[in-house]
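Colleague: Before I ask anything, let me first share the structure, which is written out below as structure tokens.
The values are calculated or read from the model by the stated rules, or taken from the named source; none is laboratory data. All figures in this text were calculated on a predicted structure; none of them were measured in a lab. Counting neighbours? That spans all protein chains shown, and the Cβs are built from the backbone with ideal geometry, glycine included.
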Amino acid sequence: MKKAILFAAFASLCWAGVARAEGTTREATEARLQHAGEVLHEIMAAPDKGIPEEVLEHAKCIAVVPHLVKGGFVFGAEGGRGVATCRTANGWSAPAFFSITGGNWGLQIGVEGIDLVMIFQGDHGMDRLVNSKFEIGGDASVAAGPVGRHASADTDWKMNAEILTYSRAKGVFAGITLNGAAVRRDDDSTDAFYGHEIPTREILTGQVPPPRGSRAFLDAIREAKVQAAASR
């Protein structure tokens, strides 16, 4: 019981720190979009470590969390704000904002920032994001995505998970555990960016034109496939 209380308190502090650091002004949301685009570009530019072209072709939605804050002392907690876009008949949708919070148990001490990319596969994966309220590993299956120009030859990734994850760690942790992490709509960021309340479903299904400020992120999404093809 004491562990559960400590964990909840730590997770709350972790997320509160992220919220204060990033803010929810229009400028802050545009900066997050810019950063998310840079993260995707840098991951794709890593020699033999990028996301395979076939994975990107198969993607229904792509979400990026720049600087997911992860801390741990006997237990761990994650907290971050991200942006996502889904494939539509006319290309990629306007960006939707979400938060991700959660934790994993284990012997680990430290705090680090991790850049996270999530590839949502198939209609079920897309529905999870569109509904903007689910638990990774509980409601939606998750697996580490294949990397590199040759990894795409293995087709298991197409069938075994609704979400594929890619991360770039900058600190002492070897990897990232997302099981149990909760993904929710980020109301504050959505209101700040769009100027009013708007349903996530309308944004991600292409009913909302991409506003000014989203170009850098959407350009990075479109260029990712070009980068992947060039690395083959």
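Colleague: Enumerate the pairs (first residue in the range 118-145 and under 12 Å from Gly180 (Cβ atoms); second residue anywhere and assigned to a strand (DSSP E or B) and of a type outside the set (A, V, I, L, M, F, W, C)) with beta-carbon separation below 7 Å, excluding pairs fewer than 6 apart on the same chain, so at least 6 apart or on different chains.
Modeller: Taking only residues 6 or more apart or on different chains, the pairs are Val142/Thr165.
Colleague: Across the range 183-219, what is the total count of residues that are in contact (Cβ under 8 Å) with a residue 60 or more places away in the chain, part of a helix (DSSP H, G or I) and within 18 Å of Leu129 (Cβ to Cβ)?
Modeller: Number satisfying all stated conditions: 9.
Colleague: Residues in the range 2-24: is at least one in contact with a strand residue (DSSP E or B) (Cβ under 8 Å, 6 or more places away or on another chain) and at pLDDT 60 or above?
Modeller: no
Colleague: Which of the residues spanning the range 177-210 are farther than 30 Å from Pro52 by Cβ and surrounded by fewer than 16 Cβ atoms within 10 Å (Cβ to Cβ)?
Modeller: Correct list: Asp187, Gly195, His196, Glu197, Pro199, Glu202, Gln207, Pro209.
Colleague: Considering Gly37, Gly79, Gly71, Gly91, which residue is touching a helix residue (DSSP H, G or I) at 6+ places or on another chain (Cβ under 6 Å) and either closer than 18 Å to Phe217 by Cα or modelled with pLDDT of 95 or more (or both)? Steps first, please.
Modeller: Details: Gly79 fails: either closer than 18 Å to Phe217 by Cα or modelled with pLDDT of 95 or more (or both); Gly71 fails: either closer than 18 Å to Phe217 by Cα or modelled with pLDDT of 95 or more (or both); Gly91 fails: touching a helix residue (DSSP H, G or I) at 6+ places or on another chain (Cβ under 6 Å).
Step by step, each of Gly37, Gly79, Gly71, Gly91 is checked, and only Gly37 is touching a helix residue (DSSP H, G or I) at 6+ places or on another chain (Cβ under 6 Å) and either closer than 18 Å to Phe217 by Cα or modelled with pLDDT of 95 or more (or both).
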